[in-house]
Amino acid sequence: MGKSVEVLAVMLAPGFWAEAYDPGPAKQIVVELTSTEYRSEMRVQCPDGRLKSKVKERAL
C-alpha cells in the first residue's frame, strides 16, 4: 500500500466552510473547517498503508 493520501471530496455540515487546502496526493493533508462558533483542523496521513487522522477543534 502507498504512504500518501489524497482528498477526493469534502462534505460539509450545514454552517461550515472549508479553508483552501492542497488535496494531494501528499504524505499529510491538512483541511481546516470553520463555522461561526468553531474551527476544526483535520490532519490525515497514511504512514503504514493505513489511514490515520487527527482532529483538533476549538471554539472561536
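Determine the gain in length on full extension of the stretch Trp17-Thr34; use 0.36 nm per residue of separation and subtract their C-alpha separation, reporting nm with one decimal. Intermediate results must be reported in sequence, preceding the final value.
Numbers: separation 17, 0.36 × 17 = 6.12 nm, distance 0.55 nm.
That pair, Trp17 and Thr34, stretches by 5.6 nm at full extension.
Each Lys and Arg Cβ is given +1 and each Asp and Glu Cβ -1; about its Cα centre, region 17-59 then shows a dipole of about 240 debye.
The mean sequence separation of alpha-carbon pairs under 8 Å and at least six residues apart, normalised by the residue count of the chain, gives a relative contact order of 31 percent. Ordering Gly2, Val55, Ala13 by Cα displacement along the dipole of the chain toward the positive end leaves Gly2 in first place; charges were set at the Cβ atoms of Lys, Arg (+1) and Asp, Glu (-1).
Bear in mind these aren't lab numbers, they're just calculated from the coordinates by the rules spelled out. As the structure is a prediction and not an experimental result, all values here were calculated from the model. We place every Cβ from the backbone using ideal geometry, glycine too, and count neighbours over all the protein chains shown.
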